2 protein chains.
Amino acid sequence: MVPHLVTALNGPINELEQRVLDSMPAIERWFRLEWMEHTPPFYTSVDIRNAGFKLAPVDANLYPDGWHNLTAAMLPLAVQAAMAAIEKICPEARNLLIIPENHAVNTFYLSNVAQLRRIFHMAGLNVRIGSINPEIKKVTVIDLPNGDSVKLEPVIRSKRRLGVKDFDPCTILLNNDLSAGVPGILEDLHEQYLLPPLHAGWPTRRKSRHFQSYEEVSKRFGKLIGVDPWLINPMFNRCGEVDLSKPAGRDTLATHVDAVLAKVRRKYKEYGINEKPFVVIKADNSNSGLGIRTVRDMKELEAIPPQAWQAVVQSASRNTSFEVIVQEGVLTNERINDAVAEPVVYLMDRYVVGGFYRMHAGRGMDENLNAPGSQYIPLAFAESTHLPQLGMPPGASAPNRFYMYGVIGRLAMLAASYELEATDPDAETYD
Amino acid sequence: MVPHLVTALNGPINELEQRVLDSMPAIERWFRLEWMEHTPPFYTSVDIRNAGFKLAPVDANLYPDGWHNLTAAMLPLAVQAAMAAIEKICPEARNLLIIPENHAVNTFYLSNVAQLRRIFHMAGLNVRIGSINPEIKKVTVIDLPNGDSVKLEPVIRSKRRLGVKDFDPCTILLNNDLSAGVPGILEDLHEQYLLPPLHAGWPTRRKSRHFQSYEEVSKRFGKLIGVDPWLINPMFNRCGEVDLSKPAGRDTLATHVDAVLAKVRRKYKEYGINEKPFVVIKADNSNSGLGIRTVRDMKELEAIPPQAWQAVVQSASRNTSFEVIVQEGVLTNERINDAVAEPVVYLMDRYVVGGFYRMHAGRGMDENLNAPGSQYIPLAFAESTHLPQLGMPPGASAPNRFYMYGVIGRLAMLAASYELEATDPDAETYD
């Protein structure tokens, strides 16, 4: 089950949604059994796009920010889930150190950090915020727009442990996706729980690895509820490392774009979908939204001047290698006040704890919304307590569309769990 | 952590409350460690009385009803906790059968059953309601005031399993406190999970056993946060089986009433409390509120005519034996619209999921409120997201009084867990 939240899409429930709603007990049982075998990531947010005819996750963030965009009413759910997570990982925990991103002056981001501090404090931990930003040399208090404040303390590293002054945490929560590389100060901390593990950061992570796991998950899930996995799975090709400043690199990319567009076209034909297929070109090893390009056909790709690719490489990648994936684009059919919107689902441990809409007035339904100018609209809890009930006459109660978003969010989280198992450098192998 | 709910008492936070709030991380850690050693009851509700100077549980119900009095906003918390409980007990569960009380025509009670059905359906189970009432011979649909309905199906017992027509549950949830005895139809069900276990029912349960466990819990908790356990513990004497229709029985009772009143008087003197002590005479082996008598002094006890005791025995006890405890009375200082109110805390698995006030316009602050004419006022989630935060200036945020109620509720639940371990007929003993 997921919180009963109001969604922006009011149209009739389509076949996929109906199938998901009808299969609820089977789906929940399937997740319970999966979580017996696999460990969920500590926390996750998943960007979802609902095209009406298909619904898919387009990104799974393992160091989610934006927690402050959840409503106060969702806070108790997040806290209860945090309690469950702590109890499982480290019941004797007393002290938690949060390591935020280094962009210390961004009060939007720091509002997220304040919300995480609140959640874990309410879950019963002493919480401090330790900055690994070399510019934070002393305790720095930053006031937030809502009247709250965040105290950043410089971390102190001993041979075996990380902490801040007069505070020795047993658990360290990373809210930093390590895009700049794994700092030495976080390595070799074998006495403390470091969550999520370092190999969930971008130096190790690859989107292609995640979506490969997701494809596996979606096939099994599709079999469970009897639907074509494509209806929940965005197809993709992994291009590997390409040098887009050279014609050879751009040729490799064009081959993959053409191949994915052809696959999407076939699927649209199979389902009689009259939309224009498109693909999204993304950095494989970075979460930056800046490098994302939407391409509708080969002409559009060819029209991009080489200098533009140079800029993409520079903005998306902080080192010289640029690994690329080409992913099937998923339209979003959701609108809030005429602006295109996509739901973002928040998960703590195995539980869906809330969500909101990311919307962008200046972007189209086939464009990336995670870009400067985007806004965040919290989802409200649905007022009605009339939920689908077995034994109730059909149509007597409105089913909850958000349930499906929570299912897709959990499928992406499960894929991330497979992904982290596959990339774990300390995993035991049984050959 | 417990949901951040609004309470009726607006007075200044007293020393006990401040101590509880200040000790939050230590308290949460203590509970986490306790739940590693002990299994919480499946679900629990706890009646609490807040006298200002002391705060104590006066009843812990292991087959709680009244779930429909929780607000819709609390439902997701209950569902998330139910998911955690199911996952722990029986992750492969598909089908759940709820066994309600037999008073089938009470739509208040059946609204509670409908709410339980909703919670477990949203947690991902197929839920049916199986009646063990011999009068329910065929499927009976009862409409509820809110437009919902409840379908009661007669249970079908095979040699080893219990179900309803075309429905074989793996888990059976009792919402029936077995006051009338354990029906044979519920015995020897070794293939199905029966929750809570039969020995949580009144044929086995004794309030004195519960409060003995609670005394133990409150001593350890008092040591943890550095307070006199009496501030959270209602003292009591167990009278055992007494025949109140005979002078000898009434003499035994009088001795215990006198002894408990004397103990309370000493404590009031120690703390300089100018209230009049009182005791509450309760059936030890029944949850019926009808048999409860409040007594302020020996004269009041002596003035009760023998026929009145006869009526008490008849209303409280469905068999001939009448076991009695005499418990220290705890005043309630809470008022809603001038009516005396007491908070009731709801727990699912180890989590506080909500609460409400039981109020009674016709009763005094030293009387039992669980009586005909009582009303139920749901607690609202507090709007403010400003919670006590480490590092925030003192007084900058209002602490949450409901947190303390949740702590006391969980202490009573922990005592019930000890109690069920002690009374488990299948427990292995290591002599």
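The values are calculated or read from the model by the stated rules, or taken from the named source; none is laboratory data. Just so you know, these numbers come straight off a predicted model, no measurement behind them. In this analysis, Cβ positions are derived from the backbone assuming ideal geometry, glycine residues included, and neighbour counts consider all displayed protein chains. Note: accessible area is taken over every heavy atom of the protein model, side chains too, but ligands, DNA and RNA are not part of it. Shrake-Rupley method; radii C 1.70, N 1.55, O 1.52, S 1.80 Å.
Values as computed for the structure displayed
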| read-out | value |
| --- | --- |
| A:HIS256, B:HIS190, reordered so the largest accessible area comes first (probe 1.4 Å) | B:HIS190, A:HIS256 |
| The stretch B:91-175: GluC sites (Glu not before Pro) falling in loop per DSSP and having at most 11 other Cβ within 10 Å | B:GLU92, B:GLU135 |
| DSSP bridge pairs, the protein assembly as shown: antiparallel proportion in percent, nearest 5 | 75 |
| Estimated distance in nm for a label pair at A:ALA248 and A:SER158, the labels positioned 7 Å out from Cα along Cα-to-Cβ | 5.3 |
| Lys pairs, the stretch B:62-215 - Cα-Cα below 22 angstrom, 8 or more residues apart or on other chains | 7 |
| log10 of Debye I(q)/I(0), alpha-carbon scatterers only, for the stretch A:173-299 at 0.12, 0.16, 0.20, 0.22 Å⁻¹ | -0.63, -0.96, -1.20, -1.30 |
| R0 of 35 Å, Cβ-Cβ distance B:PHE108-B:ARG335: FRET efficiency to nearest 0.05 | 0.90 |
| Helix-only CD estimate at 222 nm, as mean residue ellipticity for the protein assembly as shown, using -39500 (n - 2.57) per DSSP H run (n ≥ 4) | -10500 deg cm²/dmol |
| Shielding of B:115-127 by partner chains, average beta-carbon count, 10 Å | 5 |
| Theoretical FRET efficiency, 1/(1+(r/R0)^6), r = Cβ-Cβ of A:ASP424 and B:GLU215, R0 60 Å, to 0.05 | 0.80 |
| Overall form of the protein assembly as shown per C-alpha gyration tensor (a/c, 1.5; a/b vs b/c) | prolate |
| Most to least accessible of A:ARG29, A:ARG238 (protein chains only, probe 1.4 Å) | A:ARG238, A:ARG29 |
| Gaussian network model of chain A, springs between alpha carbon atoms under 10 Å - residue of A:HIS360, A:HIS38, A:HIS199 with greatest fluctuation | A:HIS38 |
| Pairwise FRET efficiency - B:TYR271 versus B:ALA308, Cβ, R0 = 41 Å, nearest 0.05 | 0.80 |
| Accessible area of A:GLU37 in the full protein assembly, 1.4 Å probe (Å², nearest 10) | 140 |
| Alpha carbon convex hull of the stretch B:21-155, volume per residue in cubic angstrom | 157 |
| Shape category assigned to chain A from the gyration tensor of Cα positions, a/c cut at 1.5 | oblate |
| Amide H within-cut-off set for B:ILE129, under 5 Å, with H built and near neighbours excluded | B:ILE98, B:GLU153 |
| Placed amide H near A:ASN333: partners under 5 Å, 5+ positions off or other chain | A:ASN50, A:ALA51, A:GLY52 |
| 5 angstrom amide H check on A:PHE236, placed H, neighbours 5+ away | A:GLU328 |
| GNM top mover of B:ALA56, B:ALA78, B:ALA371 - chain B, alpha-carbon springs below 10 Å | B:ALA371 |
| Estimated distance in nm for a label pair at B:LYS299 and A:VAL139, the labels positioned 7 Å out from Cα along Cα-to-Cβ | 6.2 |
| Shielding by partners, peptide B:76-89 (average Cβ within 10 angstrom, other chains) | 5 |
| Of the DSSP H helices in chain A, those whose Cα atoms cover at least 27 Å axially and whose Kyte score averages -0.5 or more | A:401-423 |
| For the stretch A:244-267 and the stretch B:99-113, distance of Cα centres in Å | 64 |
| Of all DSSP beta bridges in chain A, antiparallel share, percent nearest 5 | 75 |
| Rg over Rh [alpha-carbon atoms, Kirkwood Rh] for the stretch A:82-129 | 1.03 |
| Fluctuation leader among A:LYS151, A:LYS219, A:LYS299 - chain A, Gaussian network, Cα springs under 10 angstrom | A:LYS299 |
